[in-house]
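*Asks:* Handing you this structure, nothing more for now.
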Amino acid sequence: MEKIKTAVIGCGMISYIYIKNLKNLFSVIDLAGICDNNAESAREKSELFGVPVMTMEEIKADPEIRLAVNLTGPAAHYTVIRELLEAGKNVFTEKTLCVGFEQAKELEALAREKGLYLGAAPDTFLGAGLQTARFYIDRGMIGEVTSACAAVNRAHALNSEIFRFIRNPGGGFAYDLGIYYVTALLSLLGPVRKVNGFVSESKEHAARMLRAGEFGRSWKTADDNLYAGSLLFENGAVGTLHFDGESIDEEQSSLVIYGTEGILKLGDPNTFNGSVRLIRNNTQETEMPFTHGFTGSPLYGPETIADYGQHRGVGAAEMAWAMIGHRPHRASAGLALHAMEVIHGLDVSAEEEKVYHMTTSFDRPAPLPAGYTDRIMGGMLLDAEGSLVN
Ligand SMILES: NC(=O)c1ccc[n+]([C@@H]2O[C@H](COP(=O)([O-])OP(=O)(O)OC[C@H]3O[C@@H](n4cnc5c(N)ncnc54)[C@H](O)[C@@H]3O)[C@@H](O)[C@H]2O)c1
């Protein structure tokens, strides 16, 4: 079976589950090396997973490495992705494409010009929750989609005591977490035509966590964390966004799709297994069974905190299968760019106090085929990779 020789760049926090999955879960990936400009981080993951450490130069120069998975922080994305594309590598990157819509456009154009695949997270829309929602919507279970509501809140600045990149440009609440909601809506409803937004300046944060070592210090995150917006989709549906990164620690997630014949209440799109609850004709709300695999259930025995987000890497694996099949990939740069433009549009609309007209579009990713599961016979691992092949 053809495999795609792959390298990972960036061995920080999220790399644990990525390296583990790329090495063990997806047969299409041949993980050849990992790299970090912090030698200690690379060595630690290399010892843990038995994958050789490489330098960026070695990765770029190795003609057999066809796919690079970029897990650096957003501030490094533009330079790293550009370098890799220039070296002729196909790239899958963690979110967001990079900091700033103009640079993201450049990267998407460069990949197209070079005939290379460029893909981006969030790839959670390929998980069981959102693929199941798509399955029911496509089969008319809620009739014609008329509107959608997405809201999430969290203490984002408190999180920045642990995840330091979110203090920097590109790490704001809308880009770091709101992007999962925007991407989910785009995957279900298609492109947006117009955006209207209000944004409030981020607040000063006084460090609270003794363990994080900055108690007594205070800072403002570079990006703003309070957004309210409204969307008009190309298909005529309307939507609202409510992103409050100044809330209390506990996170609340709400994602609802309304149609002429029903309502779908969806679980957290920052997971692979958000529940799918259907209301039709005033009947009682019903939790619907998953139609798809990638359920985010523990894959390798007892779950640890590092296994959080268990199916991460599915977007990169799907892109690898697309490379083999010479077909478009689903977590595409076009989708990621459009998602980024929605948030950029909220910023511009708030700044200029007028409606923002979207300039990009994307082909809505084809749904994954239904019927594939993660396990059979009550527990035997049967990953859902088969659903990624075509
Ligand atoms: N941490 C999470 O829970 C989480 C969840 C989902 C997505 N993500 C995304 O994953 C990405 C990484 O997040 P993280 O939390 O792992 O960040 P991190 O800061 O823990 O890790 C980033 C790593 O990249 C390395 N790096 C930076 N520039 C580099 C370069 N030019 N060449 C090689 N290595 C370089 C750093 O040394 C660091 O080890 C971000 O895009 C983030 O949005 C993170």
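Since every read-out is calculated from the coordinates, none of them should be taken as a lab result. Please read all numbers here as calculations on a predicted model, not as lab measurements. Counting neighbours? That spans all protein chains shown, and the Cβs are built from the backbone with ideal geometry, glycine included.
*Asks:* Return the single residue from Val91, Val342, Val256 with maximal mean-square fluctuation; model: Gaussian network over the chain, springs between Cα atoms under 10 Å.
*Replies:* Val256
*Asks:* Report the equivalent ellipsoid semi-axes for the chain in whole Å, largest first, defined as the square roots of five times the eigenvalues of the gyration tensor built from alpha carbon atoms.
*Replies:* They are 30, 26, 22 Å, listed largest first.
*Asks:* Counting only residues 5 or more places away or on other chains, whose amide H sits under 5 Å from the amide H of Val8 once H atoms are built in the peptide plane?
*Replies:* Here the answer is Gly33, Ile34, Cys35, Val69, since their amide H atoms fall under 5 Å of that of Val8.
*Asks:* Same structure, new question: What does the charge add up to near Met319, with Lys and Arg as +1, Asp and Glu as -1, over the other residues with Cβ less than 10 Å from its Cβ?
*Replies:* -1
*Asks:* How many nm separate the modelled label positions at Glu64 and Arg280, each set 7 Å beyond the Cα in the direction of the Cβ?
*Replies:* Simple spin-label model gives 5.3 nm for this pair.
*Asks:* Sticking with this one: Which lysines have a Cα less than 19 Å from the Cα of Lys265, not counting those fewer than 8 places away in the same chain?
*Replies:* none
*Asks:* Two decimals is fine: what is log10 I(q)/I(0) at q = 0.15 Å⁻¹ for region 168-322, from a Debye sum with one equal scatterer on every Cα and no solvent?
*Replies:* -1.07
*Asks:* Moving on to the next point. Starting from the Cα-Cα distance between Glu86 and Arg327, subtract it from 0.36 nm times their residue separation and give me the gain in nm to one decimal.
*Replies:* 84.6 nm
*Asks:* Using DSSP, restrict attention to beta bridges with both residues in the chain and report what percent are antiparallel, rounded to the nearest 5.
*Replies:* Percent antiparallel among DSSP bridges in the chain is about 65.
*Asks:* Which of the aspartates and glutamates could a cross-linker span from Lys220 if the Cα-Cα distance has to be under 12 Å and same-chain partners fewer than 8 positions apart are dropped?
*Replies:* Partners within reach: Glu161, Glu201, Glu204, Glu246.
*Asks:* What are the trypsin sites (Lys or Arg not before Pro) within region 99-187 that DSSP puts in a loop, where the Cβ has at most 15 other Cβ atoms within 10 Å?
*Replies:* Filter output for region 99-187: Arg139.
*Asks:* How large is the direction-averaged shadow of the alpha-carbon convex hull of region 66-203, in nm²?
*Replies:* Quarter of the Cα hull surface area: 10.2 nm².
*Asks:* Under the rule of -39500 (n - 2.57) per DSSP H run of 4 or more residues, summed and divided by the residues of the chain, what mean residue ellipticity at 222 nm is obtained, to the nearest 500 deg cm²/dmol?
*Replies:* -8500 deg cm²/dmol
*Asks:* Let me ask you something else. Can you give the local net charge around Gly236? Use residues other than it whose beta-carbon is closer than 13 angstrom to its beta-carbon, Lys and Arg +1, Asp and Glu -1.
*Replies:* 0
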